[in-house]
Structures are given as C-alpha cells and as structure tokens.
Amino acid sequence: MTWQLFVFMLINGLCQGMLLFIIASGLSLVFGVLRVINFAHGSLYMIGAFLAYSLSTLLSGESLLGFLILLLVIPPAIAIIGFVLEVTLFRRVYREEHLLQLLLTYALVLILDDSVRVIWGGDPRSVTRPDLLAGSVDVMGMALPSYNVFILVIGPLIAFGMWFLLYRTRTGNVIRAAVSFPDTLGALGVNVSWVMTSTFMLGCWLAGLGGVLTAALSNIDLGIGMEKIIECFAVVVIGGLGSVGGALLGSLIIGTGLTFFQLPFGRWALVFPYALMALVLVIRPWGLFGKPER
Amino acid sequence: MDHMTSSSRTQWISGITLIVILFVLPVFLNEFGRTGEYWIWVSTEMIIMALFAMSLNLILGFGGMVSFGHAAFFGVGAYTVALLTKKADLPLFLALAAAPFTAAITAAIVGWFCVRLLGLYFAILTLAFGQLLYMIVFQWYTFTGGDDGILGIPRPEILGPTNFYWFCLVLFLICFFVMKMIVSSSFGLSIKTIRENMERAKFIGINVRRYQLLNFIIAGAFAGLAGGMLAELNRFAQPDFLHWSKSAEPILASLVGGMYSLAGPAIGSTVLIFLKIFLQQIHPSMVELWAIVLGAAILVVVLFAPSGLVGLYQNIYKKFQS
Amino acid sequence: MEHGKWRVLLTLLLVILSCAFLVSSSASASDVIKLGFIADVSGIGAPFYKSQKAGLDMFIEEINAAGGILGKKLELVVRDAQLKPDVGANMARELILSEKCEFLIGPTSSAVALAVSKVSKEFKKVIFFHTSNAEAITTTNFQPYMFQVVPNTGIEGRGMALVLSKKPYKKYSLIGPDYAYGHDQLESFTKEMAKRRPDVQILDTVWVKLGESNFSTFIPTLLAKKPEAIYAAFWGGQLSAFIKQAKPYGVFKQAPVSSLYDLDMLRATGLDMPEGLTGYARAPFYAIDTPQMKVFVKKYHEKFKDWPADWAIMAYDGMTALTEAIKEAKSAESEQVVKVLGGLKFNSLRGERYIRPIDHMANVGIYAGVTAKSPEHKQFLIMKDVKEVPAEEVWLSVEEVKKLQAEQK
C-alpha cells in the first residue's frame, strides 16, 4: 500500500466514521440520561431518510437550497416524533426493569419499520445529491466524492456543537449531572422530566440528521434501520455507554477499520466491529471512555 | 390453597387430555388433504418454536437474565444438523443428537464470558457474541454456504409430515419434562434464589457464576436441539437463524405467554405463530401489517400486563375464585 | 405455581383448531389453474417485481380472454419472499398446500430460487424460473420439476468473458454480491477468461452483502490495485446504487465497468449512467427483432404506457413455455406436465426456443452491447450495437452437466 493510498483510505474511512458518529452519538446520549437502550433509534433514522426522500421529490432537490431545507426541516421533524414517543411511552417505563424497557423499544421498531413499509413501499429510494456536492475532489491523485468531504465537515461540527452544549452551557451541565447523579438531580430543583424529554429529542434530531445524510449518500430501503442500530450498538459499546466522546472514538475506529481491513481480509472485514465489541465488553465492559457502573 | 388437591387433579386430567389431543391431531388433520398437511407442518413448527421459547425462558424467566443472543445457539444447532447430514453423511438421528452438544459447547464458551456481567451489560454482551457468530456463519462461504445457507438436508423416508410431527412432539414432551425436573430440582431453586436476591444467594453459599453458567449452557443445549429440528423441518439452515432479531422472537413469546411459568413461553410462541398465519389466511396483504399488530400487542403487554397471558389467566381465575 | 396452565393450553388449542378450519374451508374451483408466484416484492428486487408482474398479468389476461387453457382459466397468487430463502420456502409450501397451486413461478433472488426449487421437488410441482438464474439450479441442485427461461449465470459469465476477451484489457477487478448468483457468475467469468485469454490477470474479487447499498468502503478497495477493467455481478437496485456511487470516486475514468444493464436498471440509473460501457441484457426489447416481440411491445406500451423490461419479457416467455407444456401434456397437472418438459419447443418473444432435456435450461443467450444515449428515450440510456451470444456457444456441455448433476446429494 502506497502512502497516498493510505491517506486516501484514511480520509474515506473517517467520512464513514463521522456519519456513524452522528447517529450513534444520539443513541449514546439517550442512554446516558434516560438509561434506556433505544432499539427504535435505527427506525427513527430510517424514517428521517424516507421523509428526506419524500420532501426532496417535492423540492426537486438538486439545488443546494433544497438540500439545505432537508437538513433544516427533517431532523426537527424526527425530534417531534421523539417528543411524542417520550411523553406517551418511554416516560412510563423508566422505573421498570431493563427487559420491559428493551421490549418497549423493540415493539416500536416493529411498528415503525412496518409503517415505513406501508407508507413508502418496498422500493429502494435515494435523494439526489445537490450539484455542488455531486462531483469529486482530488486527494493524492485519487478522486474522493465531494459529498464525503461534506460529511467530513459536518461530523466535527456536530461533535463540536455537542461538546459545547454539554460542557459550556447550563443545559449541558444539567444533562451531565443527570448522567452522573440521576437521583440527586430532582432535589436540586431541576425539572428532571424536562431534561429527559429534551435529551431524547436531541437524540432523535441526530438520528434524523443521519437519515438525511444517508439518503443522499446511498440507496435507502426497509432494512437500513435494523442494520444501523446494530452498528451504533457496536460503536456505543466500544466507546462506552453514555459517553459522547466515546461514541466519536468508536465511530472513527469502526469507520476506518472497515475501510482498511477490506483490502487484506476481504469479506471478513465485516466481522471486525462485532469482534471488537465483544472484546471490549470482555476486557472493559464499561467501554473505552465509560465509567464502571456504581 | 385449600383446593390444592382438586385443582392438581384437574390439572392432571387436562394435561393428559391435551397430550392425547396433540397426538391425534395429525390423524384428524390428514382428513383435510393438502390443507391438513399444511396445518400439520405449521403445528410442527409451533412445537419447535415452543421448545426454543421455553429454552430461553430458563435463563430469562427463571434465571432473570436477559439474553439477546440466544438465537446463536439455535443457529449452531441448525447448522450442526445441516453440516453433519449434508457434508458428513451422518444419519439424521445422530446429527440431531449432536445438535444440543455443539450448542452447549458454544454456550459454554460464550457464557463463560457473559455471566461475569450483570443486567444490561449481560444483555449487550450476549447480543455482541450472537452477532459475532452470525457474521462468522455469514462470511464463511466455503463452510457454511454464507448467505445461501445449506439446502436440501436429507430426510429419512419414514419421516413423512405426520411422522415428523410425532417425532417432534415426542422430543418436545421429553424436553418439557426434563425442564420441569430441572426447574423443580435444587439446582432450579438455587437459580430462582439468585434471580430474587443475588446477595442472599451468595451469602447462603451458592456459587452464583457457576450456577448461572450451567443454566446458560442447559438453555443453549435445548435451543440447539430446537434449531436442529427446525433445520430438518425446513430442510435447510441459513444465517438468519442466528440473527439478533431471531433472538427477540422467544423473548416476545415469553412476554406474551408469561415468563414465570414453564409452559408460558410455549403458549406465547404458539399464539404468535398462529396469529401470523391466521392474518395471512384472512388476506395475504394482512401479513404486511403483522409487525404492527405484533408491536402493538407487545406495547399493550409491556404497559398493562407484564406477566403475560398465563398471569392474566391466573388473575382472572383468582378473582373468579374469590 | 403452574396453576391453570394446562387448561390455558387446552382452551387455546381448541380455539386455534376451530379458527384454522373456519379459515381454510374455502374450497377452490376445479376449473381454475392456480399459479403461485413466489416474488421478491420489496428491497432491491422491487422494480423487477413490477415488471415481472406486468408480464404475467398480461399473459394471463390474454389467455383467459381467449378461453383459457384446456378450458380452464389461469389465476395468479402472489407471495413476498423478501429475498429471504426461508420465507420463500415457507411461502412456496403455503402456496402448494393451502392455496392449492398446481404450478409455481420463481422469484428474483437465486438464493430464494434454490430453496424454493427444493420445495417444488418435495411436492412434485412444476416451477419455472424467469429471473433467478444461478447455474447451480440446473446442475448441482437440478431437479426435474424445474425449468429455466432466463440465461443462467454460467451463460452470462462465460458469455461476457467471450465478449470481453476481444477487448485489450489485461487486468480485471471483480465485484459482486456475496451469494449464489454472484459466486456462480464470477466463477464462470474467471474460468472462461482464463481459457480464452491466459494473459488476463484477475487482481481482486470484492464481495458485498446482497442488498448492501453503501459502497463507500468497497470502491476504494476495488480501485486499490489499479484494474484496467471491472466486471460487476450486481443487479437491479444494487447495481444502480453502485454505478451512482462509483462515479464521484472516478471509477469510470480509471476503468470501464461491465455488468447487467437491463432496462429497469438503466431506467433507475437515468442519466447518471456513463456512455460507452460494455454490458449485457437478458432480453432487451429494443434490440430483439422478431415479429412477436413487436406485437408484444406495442400491446405492452398501450396497456402500461411503459416499455417492457427484460423481466416482463422473460416472465411472459416462461408462461408461454408452461402453457405450451400443458397443452402438449393435455393435462393441467404437474405430474403429467413434467413428462413433456425435456425437449419442449416454444415460440418465445425472443424467437423459437427449446428446453434442453439434460438440465431443463432453455437455449436463451445474452445480448451484449455498449451503453449509449438514444433519441427515442430521453430519460435513460440503452445499449447500441447489441449482439446475441447464443446459449449454445457458452452453456455447459451435456457431459459437464452430467458430471455436476452426479455430485448432487
């Protein structure tokens, strides 16, 4: 492998990692505050992707403006769906055992995924990339799609935004406090249920954003939710449940790993995320960035 | 419980009646030609999936441990039968006998790592191992046939649809009574003690990890047998048998049927399979809505009746008594 | 603790039994021939399904309007196999036993087809494959109740090796879906190429899961060894996604991609499709010059306001062959029809064709050409300079088939 190819593959892998991070960080954040593993996160991501497709057909989305509208409209729409789900369903099971929580979110997967089938049918869809992002840029004499570069820019922006929100704002302080000391938070006069609802909405917003970005990256079909949630799981477990920084690290490891291992290992490269996930769980169950459970 | 003796007598009578009905069922169904043959096939599948659900419930209901990787052992059993009969030309009965062993060995390796973790982390680690095994089976094209699976598992001449049904029913009943014995043995009591109060179990000298591991292996073995039987019924094995969404099926069955009794998951599984086919028979397009119906049903159970059908029945029965 | 559970079971069983018979008591009339279509309705096969269904519907409508076959009307029952072999096999069983279908029509995915073929064998019901085409269906997994009216992966892989061996490229990279179809096809291509052009080097084979639509991690690997040409064994939605994503990676600047450029795929890719790529189709309506095709295309266009894709044409041809066999056997029972399948001649839209007795493979070849813009079709590209590679030139010899069939267990 030449060093040019190495750099090219690294950049390409980081793009994949960034997209994964956007989706997985939502899952991790929700777990951190709500202590619920939301299987339906993948379904919300899928709904975001399909909504983006439908809206793009109305907007004739080849223009940059059309694509920006998708980016601005779809994620909040998913956040609103999240709001409804949190208030009507999730809230009722926070005190229940893990199994019932998992089953509740799994039931949502069944309902949401099948609703997508009923509404959009089984055809694969995609969103046309805006003209500005449809071409490619030269990296070390090789062509890299401009759209990947775009994701590579968006990803760190989101990461920075989340860092800023969590560490530099009052809301962030409350959210972090909710992660570390869920029991004492109420005593401090914070409206805990509001914190939970807004965190859940933020998680869904990220899922929606990931959906929009995916719809223009590749084809979308009925299976993407189930597939993505497992990838996100791997990311979140490797990085540490509830840790956004860990999700970033986990995403980048998996994104670059999948790109690099493809060449020497072929199809076996796809085993890597799960092998790493199991390994981390065995050696360090709380993940690379997480803290042991009290 | 003052009416204990009378209720246990009715229990015996209904139990035996049920077994007799199950045995004569195919004779009756055969009167209906092809439709009957279809329902024999469906009933066989129900029996197998009931066994799978019951095997999971040894860990889930009795052990109080949520496993999202149980399908891995089911799949290992299925591939054992497929590979041994197809590639090693072993007779079916030997292959089927080997299925619980390979599944148990796999469960021992996976379980050895998993039982060291508790609660949610246990669930996630089982999921990780399950997916890992799934991916290995999926990618190992030369050995497992990858995405194509293994097709055309031979079937001995004497095992026509009806005979195979009886064969599965006998296996199921044997497993049922073995499980009943396990659950009511001192081992079973210890497992339940661990579920109720792990600290107390440790205090009274139960080696928690070893008991949990043993329970995990036993459950894996039964799942492997169920997997082997399903492979033989379908006459093929495929990677989907190990997928995590397959692991969810017995959990849902246990939830619907009730996880604190032995037969609950079996009932739940049967009801679910039947509902699905019933929907399809009403109109093929109704199958499209199956997942929505199932999801809604689970929501209702989770929110309003977490003890399942059997629990519901017991509640109604109690109210009726008083 | 176990209180009452037996009674629950018992009640349940009775409820189930009574429901079961309420539902399944609907008897089927004997003046109807039921055809069970195990289709891949959703996912990457969705566009194909629409074309297949259109072709089948049209045929059935025509036959029924003319009074049916042997005085019996045809009726189509469809089930979705979702590209999953187990679902497909269960659906086939349900169609035979519960819906009482006497004949089956195969799906899109070869993996599903292999599973369904076993069910057809088990219940001795004739099935034809019009889209799924793994060569293994006719060799190592052959069973007499099936026949195939679509060029199989061997004919395709070897046919394209024949076509591409005349090109100057010496370094190929291969990419394909990781299941029966992809493996059969790329293996045939590699073997035939080695025979015809020993100087050609296969640099790498990249396997992608069937249905995977994000190629970002695979395309750089495909290009890493700098191939001069690429042979891709994808189809349908997956191929379309591959082409669209390959473009900004500069794949086409580096190496031309050869693959299955059927009408549905070309339509789905639209003007993202590069010009000048050598590819093939299984039954391109615009390039097959037979009188029956002209009539068919005209009728199809009038009915659906659309052009017939390869899948509509082959499904229609399969029905032609099946009804021909029913007429010749003078019976609408699979047991009788199977006897006349070997050697059966039928007048397909692609011209006169016959079913070879040894493997029940119709002598259907591929149509190779080069992608180009066309004045009649503004929204998508078609292929020009299309030439048929006749099946006889590239299919397995009878001896080879016999050898492979003997390996079957």
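Values quoted throughout were computed directly from the atomic coordinates according to the rules given, and no laboratory measurement underlies them. Computed from a prediction, not measured in an experiment: that's the story for all the values here. With ideal geometry, Cβ positions are generated from the backbone for all residues, glycine too; neighbour counts draw on all protein chains shown.
Quick look at the values:
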| read-out | value |
| --- | --- |
| Expected-Rg normalisation [2.2 N^0.38 Å, Cα atoms] applied to chain C | 1.04 |
| Peptide B:38-44 - average C-beta neighbours from other chains (10 Å radius) | 5 |
| Helical contribution to [θ] at 222 nm, DSSP H n ≥ 4, -39,500 (n - 2.57), averaged over the protein assembly as shown, rounded to 500 | -20500 deg cm²/dmol |
| Inter-probe distance in nm under a simple model that places probes 7 Å from Cα toward Cβ, at A:V118 and C:K299 | 3.8 |
| Amide H partners (placed H, <5 Å) of C:I382, local residues excluded | C:A372, C:S374 |
| Nearest-ten-degree value, helix C:110-123 long axis tilted from longest Cα axis of chain C | 30 |
| Check: region B:31-247 dipole with +1 on Lys, Arg Cβ and -1 on Asp, Glu Cβ, in debye | 800 |
| Modelled FRET efficiency - R0 56 Å, A:L165 with B:S285, Cβ distances, 0.05 increments | 0.75 |
| Residue-by-residue Karplus 3J(HN,Hα) for region A:150-161, coefficients 6.51, -1.76, 1.60, Hz, glycine and proline x | 4, 5, 5, 7, 4, x, x, 4, 5, 4, 5, x |
| Simple spin-label estimate for B:R210 and C:Q405 in nanometres, 7 Å along Cα-Cβ | 6.1 |
| Simple Cβ-charge dipole of chain C, Lys/Arg +1 and Asp/Glu -1, about Cα centre, in debye nearest 20 | 440 |
| For C:Q201, residues with placed amide H under 5 Å, excluding near neighbours | C:K171, C:Y172 |
| Percent of Cα-Cα distances greater than 29 Å, calculated over region A:22-223 | 30 |
| Value of relative contact order over region A:22-223, rounded to a whole percent, pairs C-alpha under 8 Å and six or more apart | 46 |
| Sequence-separation-based contact order of chain B, relative, with Cα cut under 8 Å and 6+ spacing, percent | 30 |
| Dipole of chain C, positive end: most advanced residue of C:V337, C:V87, C:N152 [Cβ charges, Cα centre] | C:N152 |
| Under the Karplus curve 6.51 cos²θ - 1.76 cosθ + 1.60, θ = phi - 60°, whole-Hz ³J(HN,Hα) for region C:381-394, x wherever Gly or Pro sits | 8, 10, 9, 10, 6, 6, 10, 7, 9, x, 4, 4, 6, 10 |
| Entries of C:K53/C:K125; C:K303/C:K378; C:K73/C:K373; C:K118/C:K209; B:K87/C:K225; A:K291/C:K225 with Cα pairs more than 32 Å apart | C:K73/C:K373; B:K87/C:K225; A:K291/C:K225 |
| Number of partner chain Cβ atoms within 10 Å, mean per residue of C:117-124 | 2 |
| Rg in Å to one decimal, and Dmax rounded to a whole Å, for the protein assembly as shown via C-alpha atoms | 29.0, 92 |
| Separation of alpha-carbon centers, region B:226-293 and region A:242-275, rounded to whole Å | 33 |
| Contact order relative to length of chain C, as percent, for alpha carbon pairs under 8 angstrom and 6 or more apart | 17 |
| Average projection area in nm² (convex hull over Cα atoms of region B:199-317, one quarter of hull surface) | 10.4 |
| Extreme residue, positive dipole direction of region A:18-140, given options A:V33, A:L110, A:M18 (C-beta unit charges) | A:V33 |
| Semi-axis lengths, Å, region B:31-247, gyration tensor of Cα atoms, sqrt of 5 times eigenvalues | 31, 21, 14 |
| Separation in nanometres of the label points that stand 7 Å from Cα toward Cβ, at C:K226 and C:A194 | 2.6 |
| Degrees, to the nearest 10: A:98-120 long Cα axis against longest axis of chain A | 40 |
| DSSP-defined antiparallel bridges as percent of all bridges, the protein assembly as shown, nearest 5 | 45 |
| Nearest-ten-degree value, helix C:236-246 long axis tilted from longest Cα axis of chain C | 30 |
| Other protein chain Cβ atoms within 10 Å, averaged over every residue that makes up B:285-298 | 5 |
| Max mean-square fluctuation residue, GNM over chain A, Cα-Cα springs under 10 Å, options A:T184, A:T57, A:T128 | A:T184 |
| Computed magnitude of the charge dipole of the protein assembly as shown (debye, nearest 20; Cβ of K, R +1, Cβ of D, E -1) | 1600 |
| Positive-end residue, the protein assembly as shown charge dipole about Cα centroid, Cβ charges, pick of A:V271, A:A187, A:T171 | A:A187 |
| ³J(HN,Hα) computed for each position of region A:30-36 - Karplus, 6.51 cos²θ - 1.76 cosθ + 1.60, integer Hz, glycine/proline x | 4, 5, x, 8, 8, 6, 10 |
| Pairs of Cα atoms farther than 19 Å apart, region C:236-294, % | 32 |
